Each structure stands twice: as C-alpha cells, then as structure tokens.
Amino acid sequence: MPEVLKAPLVVEFPFTRSLGPVQSAFLTGLRERVVLGVRTGDGRTLVPPVEYDPVTAEEIRDLVEVAPTGTVTTWAWNHAPRRDQPLDTPFAWVLVRLDGADTALLHALDAPGPDAVHTGMRVRIRWAEERTGAITDIACFEPYTGGQAELTGRTGGFEDPVTGIVAPARLDYTYSPGRAQTAYINALAEQRNVGERCPSCRKVYVPPRGACPTCGVATLEQVEVGPHGTVTTFCIVNIKAKNLDIEVPYVYAHIALDGAGLALHGRIGGIPYDEVRMGLRVEPVWTAGARYPDHYRPTGEPDADYDTYRELL
Ligand SMILES: [Zn+2]
C-alpha cells in the first residue's frame, strides 16, 4: 500500500458584505468607542445586536448603549495564536457579557496565562488605536477590577456611518485525499486515469472516493479509464478569474472519460469556444511536469451518440 498523500491547502477569499441599519450602527459605534446592543420584544438586550427578534422574528431597531466593561461567561485558552488573530501572544477566547447586555460577545482576552482567567472574572474593552468601524476596533479585552464604566449616552446617529465591510475568510489546513484519491493522483503523475469500480452496481468512479455513495460499499477494484472522453455538457466562461491566466471566453466542460461511470471537469481548448458541443470527443493535453491535464482538445473522432452518454450528464 503506497503512502497516503497529504498537502497544505489554503482556501482564501475576501467576503464583502453590506450592513443593515443595526450592524451599521454597531460597527460605527465601535469606531466611536460606543458599544450598542438592540432591545428585543421581551426586553432583553442583545450584544452583538441582530436585526430580527430571535423569538418573534419581528424586525428590531431599538438600539441601547451597554458598558465597555463586563463579565467572562466562558473561555478557552489559545496557546498558539495563528496569523491575523487578535493577539500574537497566547490569549484566551472569551464570551463576555457586557454590563447592561443579556447575551455575550466573543472576543480575545489578553491575559498572562490560563491560570489568570476564570469564568466570572471582570474585564473591559481595550480599544484599538486606529478604528475603522469593525469588530477589530475592540483590540481585545483585559482584566479589570473597577466598577461599571460610564456610558456615553449615545445610541446611534453617528456622522459618516460605516455601510459595508470586507471580511477576509481563510481556511488553512492540511488536506489528505485518502487511499482512493492518493492512488488516483499517483496515477495522474504517470498521465493515467485510474478509477475504482463498485463491486455491487459496477459503476466506475473517477476520481474515486473510496466508496460507492449509492450502494454504501467500499470500491477496491482499480480500473484505468480514458484517455479519450466525451463532452457531456459544458458552459462558456465569460468572467476572468483572478490569478488564472486564461483568456475569456473559454469553455469548461463535463467530460466522461471512456469507461468512467461519471463525468469529471476540464477546460476545452484547441477549438473555438462556440464550436464546442455535447458529444464532442476529446483527449487530455498535458504540460511538462503537471499533475493534471492542462486542458482537453478534440480528437477528430466523430461525435459520440447521445445514448452513449445520456446517463453521464
Ligand atoms: Zn455501487
């Protein structure tokens, strides 16, 4: 059994969202060092605020100020902070119920160690030096021994409100494709497509996932498929993707490799985009050293009969 592959994988994108009136007031408030919650129909104050009452689903707009001091309701120690986390030294993730609020806010607590943190401890906001109208305007929380801080008396109506934010999303992890896909990827390195056949329904999965999702049994028999295949369906891409050096328009297709029981994805090249069609016979084009075909191009064979791929759309 060859070694199962693993590799680092990062999925990253900026998420742009507009803020409704409640989130706008909350984040603009943070910029002005004011923490706003919202009052629900049953008189509770939610911080962070939401736009709809969680009990009645009514729209709620009644903003109320709460204090920048509060009480830790639960916590977990983060001994190895990761990139872009609120602090670059070990810290506690805490849920803090601010004075005047009925719900707790998730944030970081700057503390020397886990022994210095406990449920029920008093904390206060440490404001960021530069504030832009984001949750990061709260740099973190810090231990606090005084009483409840004074309120500013403001409940909104800020100048130049924040109306949108860009939240970077990033997943950074080690991915292992497992036994079946490791065999598939290793075969691709030799420019071969190897799938697995279900012992029950005989379907050949390419790429293989290790089990047949229909029959619920392991697929162990390896089957080489392709290299030729048939375009079963396709789309014309007109939007240029960042970091992808392909001129638009181009065609992305479902391709059923000969012998495969389902289609895989691939780009179609070597033919004008508006001449690509269902049933077009194609073959992979490899670039030196690549693990995957760069694209598929027409083989020149006659188009496949619809009945030969109608189950593979
Ligand atoms: Zn099956």
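The values are calculated or read from the model by the stated rules, or taken from the named source; none is laboratory data. Since the model is a prediction, treat every value here as computed from it, not as a measurement. Heads up, the Cβs are rebuilt from the backbone with ideal geometry, glycines too, and the neighbour counts pull from every protein chain shown. Heads up: the accessible areas ignore ligands, DNA and RNA and are worked out on the full protein's heavy atoms, side chains in. Shrake-Rupley method; radii C 1.70, N 1.55, O 1.52, S 1.80 Å.
The residues on offer are 143, 213, and the sole one that is open to solvent by 30 Å² or more (accessible area, probe 1.4 Å), without any contact (Cβ under 8 Å) to a residue 60 or more places away in the chain and closer than 21 Å to residue 256 by Cβ is 213.
Among the numbered conditions (1) within 26 Å of residue 149 (Cα to Cα); (2) surrounded by 15 or more Cβ atoms within 10 Å (Cβ to Cβ); (3) not acidic (Asp, Glu), the only one that residue 5 does not meet is (1). The single condition among (1) over 30 Å from residue 36 (Cα atoms); (2) part of a loop (DSSP other than H, G, I, E, B); (3) β-branched (Val, Ile, Thr) that residue 174 does not satisfy is (2). Test residue 106 against the criterion of being open to solvent by less than 70 Å² (accessible area, probe 1.4 Å), modelled with pLDDT of 95 or more and within 28 Å of residue 153 (Cα to Cα), and give yes or no. No: the conditions fail for residue 106. Candidates in region 195-212 are the residues that are in contact with a Phe, Trp or Tyr (Cβ under 9 Å, 6 or more places away or on another chain) and in a loop (DSSP other than H, G, I, E, B); of these, the one that is farthest from the ligand (Cβ to nearest atom) is 207.
Where residues in region 118-130 are more than 31 Å from the chain's Cα centre (by Cα) and of a type outside the set (D, E, K, R), which of them is surrounded by the most Cβ atoms within 10 Å (Cβ to Cβ)? By that ranking, first place goes to 123.
Residues are listed down the side, and each one gets a yes or a no for (1) over 30 Å from residue 208 (Cα atoms); (2) open to solvent by 60 Å² or more (accessible area, probe 1.4 Å):
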position	(1), (2)
132	yes, yes
139	yes, no
149	yes, no
153	yes, yes
163	yes, yes
166	yes, yes
179	no, yes
186	no, no
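Has region 232-247 got at least one residue that is under 20 Å from residue 194 (Cα atoms), modelled with pLDDT of 95 or more and open to solvent by less than 90 Å² (accessible area, probe 1.4 Å)? The answer is yes, given that some residue of region 232-247 is under 20 Å from residue 194 (Cα atoms), modelled with pLDDT of 95 or more and open to solvent by less than 90 Å² (accessible area, probe 1.4 Å).
If you go through region 278-313 and keep only what is of a type in the set (Lys, Arg) and either within 22 Å of residue 192 (Cβ to Cβ) or surrounded by 14 or more Cβ atoms within 10 Å (Cβ to Cβ) (or both), you end up with 281, 291, 297.
Quick check on my filter: what residues within region 25-52 are assigned to a loop (DSSP other than H, G, I, E, B) and under 27 Å from the mean Cα position of the chain (by Cα)?
Here is the first cut: in region 25-52, the residues assigned to a loop (DSSP other than H, G, I, E, B) are 32-34, 40-44, 47-51.
Listed by number, the residues that qualify are 47, 48, 49, 50, 51.
Would you confirm, using the coordinates I've provided, whether residue 182 is in the same structural domain as residue 100 (by TED's automatic domain parsing), hydroxyl-bearing (Ser, Thr, Tyr) and either more than 16 Å from the ligand (Cβ to nearest atom) or touching a Leu at 6+ places or on another chain (Cβ under 7 Å) (or both)? Against the criterion (in the same structural domain as residue 100 (by TED's automatic domain parsing), hydroxyl-bearing (Ser, Thr, Tyr) and either more than 16 Å from the ligand (Cβ to nearest atom) or touching a Leu at 6+ places or on another chain (Cβ under 7 Å) (or both)), residue 182 does not qualify. Residue pairs whose Cβ atoms lie under 7 Å apart, sitting 6 or more positions apart in sequence or on different chains, and linking a residue in region 216-228 that is in contact (Cβ under 8 Å) with a residue 24 or more places away in the chain and open to solvent by 70 Å² or more (accessible area, probe 1.4 Å) to a partner that is more than 12 Å from the ligand (Cβ to nearest atom) and of a type outside the set (Val, Ile, Thr), are 222/183; 224/192; 224/193; 227/193; 227/283; 227/284. Looking only at region 35-47, which residues are surrounded by fewer than 19 Cβ atoms within 10 Å (Cβ to Cβ) and within 12 Å of residue 22 (Cβ to Cβ)? Result: 39, single match.
Candidates in region 213-227 are the residues that are in a loop (DSSP other than H, G, I, E, B) and of a type in the set (A, V, I, L, M); of these, the one that is farthest from the ligand (Cβ to nearest atom) is 220.
Quick one: in region 185-194, which of the residues that are in contact (Cβ under 8 Å) with a residue 12 or more places away in the chain and part of a loop (DSSP other than H, G, I, E, B) is nearest to the ligand (Cβ to nearest atom)? Looking at the filtered set, the residue picked out is 192. In this structure, residue 252 does not qualify as within 13 Å of residue 298 (Cβ to Cβ), outside the structural domain of residue 14 (by TED's automatic domain parsing), away from the ligand (no atom under 16 Å from the Cβ) and at pLDDT 95 or above.
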